[in-house]
Amino acid sequence: MPQAQVGELELCYRSEGHGRPLLLVMGLGAQLVFWPDALCRSMVERGYQVVRFDNRDAGESSRLDHLPVPDVRRQILRWTLGRSVRAPYGLDAMADDAVGLLDALALPAAHVVGVSMGGMIAQLMALRHPSRVLSLTSVMSHPGDRLSMVPRPRALRALFRPVARTRVAAQDAWVQFFRTVGSTGFPFDEAELRHRAGLHFDRGTSPRGFVRHMVAVLAARDRRPQLRALDIPALVVHGDADPLVPPRGGVQTARALPHAELIRIAGMGHDLPRGAWTQILDALDRVTEAGEARRDGAS
């Protein structure tokens, strides 16, 4: 896949289709292959140019292994006690990476969709670079308030699974993870998940990058005061069965955004089940149409 030079980093990306530019931002330690191909094809069919990419420290993008690997359990304890968390880099830097990718692709602005940590990055893109974000869609994410960051114990334990050393072990681990945190109200497509998990392993995993991502999330500040001043069309999607980012995260995100539509999906967990795609895509069309109209009105 092509690489874009973004400052001192190289970001691996994939671009498909033509039309409204749509930037997809993936979550904690995950690669662009965890955006289902069929979902991206549906986006292309609806008239989008779909750009997905590996965040720094993930997949085929630059690894920052010259940076320290924090003691994540110690940083979780510091966060629990209300103390400052020390991160090698923050989510703000990752938001700047994503805007740098838009620069490299000569895209003046884009509609931005982020899932989980990617939703936090998308929020920061809109806050730090408002002219570059036409609309904001935050999926199974939160605005950084502490109560929205507390997962159920079983979901937290699932994050700390052992590092897989073989392709089959990696596939088994991802299946176990998503059986723990995934949707309860939709069919579980194990074959598709194993396919994507195998691609994820083949492209190279980064346990150290995963830790740096996690600590960046812990170190982030509550974004609600800033989000309240954000004048942008927004969509918030959250499942009522999400054990990793509680449904409160979506509610608080939507309450903070002045122009947000909140879509609550019954039975959806911390994943993107095929049965929810039409509902999500229809809402995405509405928010991107509002973003296009806002841009046209301002020009």
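Table: residues versus (1) among the aliphatic types (A, V, I, L, M); (2) open to solvent by 10 Å² or more (accessible area, probe 1.4 Å).
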| position | (1), (2) |
| --- | --- |
| 8 | no, yes |
| 20 | no, yes |
| 33 | yes, yes |
| 58 | yes, no |
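Inspect the range 36-46 for any residue being touching a residue at least 40 places away in the same chain (Cβ under 8 Å), assigned to a loop (DSSP other than H, G, I, E, B), farther than 20 Å from residue 119 by Cα and over 14 Å from the mean Cα position of the chain (by Cα) and give the result as yes or no.
yes
For the range 69-86, state whether one or more residues are buried (at least 17 other Cβ atoms within 10 Å of the Cβ), in contact with a Gly (Cβ under 9 Å, 6 or more places away or on another chain) and over 22 Å from residue 125 (Cβ atoms).
no
State which residue is farthest from residue 216 (Cα to Cα) when the search covers only the range 103-145 and only residues that are open to solvent by 10 Å² or more (accessible area, probe 1.4 Å) and of a type in the set (S, T, N, Q).
131
Do the conditions hold for residue 124, that is, is it within 17 Å of residue 257 (Cα to Cα) and either part of a strand (DSSP E or B) or in contact with a Cys (Cβ under 8 Å, 6 or more places away or on another chain) (or both)? Talk me through it step by step, then tell me what you get.
Numbers: within 17 Å of residue 257 (Cα to Cα): yes; either part of a strand (DSSP E or B) or in contact with a Cys (Cβ under 8 Å, 6 or more places away or on another chain) (or both): no.
Criteria not met by residue 124.
Condition first: surrounded by fewer than 22 Cβ atoms within 10 Å (Cβ to Cβ) and assigned to a loop (DSSP other than H, G, I, E, B). Now tell me which residues in the range 243-270 satisfy that.
Matches in the range 243-270: 243, 246, 258, 259, 266, 267.
So, residue 14, is that one part of a helix (DSSP H, G or I), over 13 Å from the mean Cα position of the chain (by Cα) and free of Cβ contacts under 8 Å to residues at least 40 places away in the same chain or not? Steps first, please.
Numbers: part of a helix (DSSP H, G or I): no; over 13 Å from the mean Cα position of the chain (by Cα): yes; free of Cβ contacts under 8 Å to residues at least 40 places away in the same chain: yes.
So residue 14 fails the test.
Kindly provide the set of residues from the range 271-286 that are open to solvent by less than 60 Å² (accessible area, probe 1.4 Å) and of a type in the set (Asp, Glu), ordered by number.
271, 285
The values are calculated or read from the model by the stated rules, or taken from the named source; none is laboratory data. As the structure is a prediction and not an experimental result, all values here were calculated from the model. Every residue, glycine among them, receives a Cβ derived from its backbone with ideal geometry; neighbour counts consider all protein chains shown. To get the accessible areas, we keep the full protein, side chains included, count just its heavy atoms, and leave off ligands, DNA and RNA. Shrake-Rupley method; radii C 1.70, N 1.55, O 1.52, S 1.80 Å.
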